[in-house]
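Student: Can you read through this structure? Questions will come right after.
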Amino acid sequence: MTDPDLPHFISALRSLNNFLYIFGDGSLKQIGSISVVSSVTIFTILTLSSDQGTTFPLSIASYSRLVLFANQVGVFAIFGATVEKISDPMDGVFRFIDFSQPLAACPNDLKNIRCYLLLAKINDPILGVRAVFLTFMNKKWFLISQGTNVRAACTVQVGGVLKTYTSSGCDVTQVLSDTNVAVAIIIRTALWDDGKPMLGKRGIRVESRNRQPSPER
């Protein structure tokens, strides 16, 4: 397709939410207004974004009424004919992502809540190189770790519920499968106390199922 908004190539075609999307490496388009005249199909191409696309087709996923995709800048959502970045809270994490491992989206129904999981390999400055899921749920972002060597992930619908399966090489493993298992949660603040630990801080109350909270600050 010859188009001034398409720098190099088309990376993906996706039919989602009754629309056909054309994802380029640096732009995003939508096919609409389809009609048939004298056995000839006529359609128009609408440019949704002339400066944001993706080279990671596996990052594209339908999330409720939205379509989400990721590139090296962040995660973007298609709201009708508008494209907006929604991953600002994850900008610090994106700085450490190793994009040699392609980003892969694998939505999951976690405790009956639909989540957008994005598998990424990061060069963690504290824990070293590891795989994490950048997770979006109810307008909130957080990280989930299900193994440091996860290389691939996909979503499978079982009984109307989305489940996530991963692989570290020669295995196929379901993750986030048991919501009753106690999980260690680490809370860290990005603020420096400057010798005054109460300056610019606020209290956070954390409770666990076994009533033995042990947050790290």
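Student: Near Leu176, within a Cβ-to-Cβ distance under 10 Å, what is the net charge of the other residues, with Lys and Arg +1 and Asp and Glu -1?
Tutor: 0
Student: Quick check on the chain: what are the equivalent-ellipsoid semi-axes from the Cα gyration tensor, as sqrt(5λ), descending, whole Å?
Tutor: Result for the chain: semi-axes of 37, 21, 17 Å.
Student: Can you give the Rg/Rh ratio of segment 12-88, where Rg is from the C-alpha atoms and Rh is the Kirkwood radius?
Tutor: Reported Rg/Rh, Kirkwood definition of Rh: 1.01.
Student: Continuing with the same structure: Exceeding 20 Å between C-alpha atoms, which entries from my cross-link table qualify? They are Lys29/Lys85; Lys85/Lys139; Lys85/Lys163; Lys29/Lys121.
Tutor: With Cα atoms farther than 20 Å apart: Lys85/Lys163; Lys29/Lys121.
Student: Can I ask one more? Treat segment 54-176 as a sphere of radius equal to its Kirkwood radius over Cα pairs and apply Stokes-Einstein at 10 °C in a medium of 1.306 mPa s; give the translational diffusion coefficient in µm²/s, rounded to a whole number.
Tutor: Translational diffusion coefficient: 109 µm²/s.
Student: Per the helix-only calculation at 222 nm, which mean residue ellipticity applies to the chain, given -39500 (n - 2.57) for every DSSP H run of n ≥ 4 and division by its residues, nearest 500 deg cm²/dmol?
Tutor: Here the helix-only value at 222 nm equals -500 deg cm²/dmol.
No value in this document is a laboratory result; all are computed from the given coordinates. Here the structure is a predicted model, which is why all the values come from computation and not from measurement. No Cβ is skipped: glycine too gets one built from the backbone with ideal geometry, and neighbour counts run over all protein chains shown.
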